[in-house]
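Peer 1: I have a structure here, written as structure tokens, and I will follow up with some questions on it.
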Amino acid sequence: MSKLPNDVLRYGKLLAEHPNRENAEIAKKLIHDTPELVAMWQTLERRRNLNDPWNIWIDIFLSTAREASRLPPFHYKSAKDKRELAKRIETRAKTLSRALRVNGLDEHLIFGTGKMFPGFMFYEDFGWSNRARFDASGEPKLEISRLLDEVAKRIPKRIAAEPIRGKAGKNARAVRFARIVSEHNKVMFGSPLNAVVAAAANAIYGARYTAVDIRKLMAR
């Protein structure tokens, strides 16, 4: 007989029956009747808000684990590689933007809301009559060069602002995961819950962390 909390078993079964739900895949890794994961879910259950819907505490933790395990690849680059990536994106975006402008090749993105032309499209793909309709409607047009200028500004800032400390190397993904989940736990529960973090990291990455390992990792 499973020792997992009843609500965890119930929600795991629900996600298994609906594999397209966002947390279905991460649940396959974290909802298992192993001693470490049983202890993890029991700890989280004791700290749940009794006023919340029955499954919200489970879904919040699964969502946190899912997001922490699917960071964009740039998160795992070294500081030097991140700086080089940011510079490369900025330079190429600016170069392409300028080439479009000075050579009269700039085009415009528009967003259609009608049945005939839904979604993003290039204004220049339409004939004169349809262009006139778009102009008369007042729909905004975004120059591709302007979009590239914004990319040149925003993406380097995003790379530089990446908030979670970590390292590039063998255990980079597990380390990043542990830091993110630890910070989440501090906000949610007032404690990093090191044993919970270790159990989740071990289940997802095949690591062998202990609560002591996580505590030492967070102190670095």
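Peer 1: Kindly check whether there is at least one residue in segment 63-74 that is part of a helix (DSSP H, G or I) and either within 30 Å of residue 144 (Cβ to Cβ) or not assigned by TED's automatic domain parsing to the domain that holds residue 209 (or both).
Peer 2: Looking only at segment 63-74, we keep the residues that are part of a helix (DSSP H, G or I), and these are 63-68, 73-74.
If we keep only those that are either within 30 Å of residue 144 (Cβ to Cβ) or not assigned by TED's automatic domain parsing to the domain that holds residue 209 (or both) as well, we get 73-74.
Checked against the condition, which is being part of a helix (DSSP H, G or I) and either within 30 Å of residue 144 (Cβ to Cβ) or not assigned by TED's automatic domain parsing to the domain that holds residue 209 (or both), segment 63-74 yields at least one hit.
Peer 1: Checking the structure you have, find out if any residue of segment 121-136 is assigned to a helix (DSSP H, G or I), farther than 30 Å from residue 22 by Cα, small (Gly, Ala, Ser) and touching a Pro at 6+ places or on another chain (Cβ under 6 Å).
Peer 2: Within segment 121-136, none of the residues are assigned to a helix (DSSP H, G or I), farther than 30 Å from residue 22 by Cα, small (Gly, Ala, Ser) and touching a Pro at 6+ places or on another chain (Cβ under 6 Å).
Peer 1: I've got another one for you. State all residues of segment 40-62 that are in a helix (DSSP H, G or I) and either among the β-branched types (Val, Ile, Thr) or touching a helix residue (DSSP H, G or I) at 6+ places or on another chain (Cβ under 8 Å) (or both); if no residue qualifies, say none.
Peer 2: Residues of segment 40-62 in a helix (DSSP H, G or I): 40-46, 56-62.
If the condition is that a residue be in a helix (DSSP H, G or I) and either among the β-branched types (Val, Ile, Thr) or touching a helix residue (DSSP H, G or I) at 6+ places or on another chain (Cβ under 8 Å) (or both), then 40, 41, 43, 44, 45, 56, 57, 58, 59, 60, 61, 62 are the ones that fit.
Peer 1: State whether one or more residues within segment 16-23 are assigned by TED's automatic domain parsing to the domain that holds residue 184 and outside any loop (DSSP other than H, G, I, E, B). Before you say what the answer is, go through the steps one by one.
Peer 2: First, pick out the residues of segment 16-23 that are assigned by TED's automatic domain parsing to the domain that holds residue 184: 16-23.
From what's left, outside any loop (DSSP other than H, G, I, E, B): 16-17.
Yes, segment 16-23 contains a residue that is assigned by TED's automatic domain parsing to the domain that holds residue 184 and outside any loop (DSSP other than H, G, I, E, B).
Peer 1: What pairs come up if the first residue lies in segment 188-214 and is among the hydrophobic types (A, V, I, L, M, F, W, C), the second is not in a helix (DSSP H, G or I), and their beta carbons are under 6 Å apart, counting only those six or more places apart or on different chains?
Peer 2: Close Cβ pairs (under 6 Å, with a partner that is not in a helix (DSSP H, G or I)) amount to 189/47; 198/209; 198/210; 201/207; 201/209; 204/69.
Peer 1: What number of residues within segment 177-187 satisfy the criterion of being touching a Pro at 6+ places or on another chain (Cβ under 7 Å) and either surrounded by fewer than 17 Cβ atoms within 10 Å (Cβ to Cβ) or touching a residue at least 40 places away in the same chain (Cβ under 8 Å) (or both)? Talk me through it step by step, then tell me what you get.
Peer 2: Initially, segment 177-187 is screened for residues touching a Pro at 6+ places or on another chain (Cβ under 7 Å), giving 182, 185-186.
Subsequent filtering for residues that are either surrounded by fewer than 17 Cβ atoms within 10 Å (Cβ to Cβ) or touching a residue at least 40 places away in the same chain (Cβ under 8 Å) (or both) retains 186.
Residues flagged as touching a Pro at 6+ places or on another chain (Cβ under 7 Å) and either surrounded by fewer than 17 Cβ atoms within 10 Å (Cβ to Cβ) or touching a residue at least 40 places away in the same chain (Cβ under 8 Å) (or both) within segment 177-187 amount to 1.
The values are calculated or read from the model by the stated rules, or taken from the named source; none is laboratory data. Because the structure is predicted, anything quoted here is derived from the model rather than measured. Quick reminder, even Gly has a Cβ in these numbers, built from the backbone with ideal geometry, and neighbours come from all protein chains shown.
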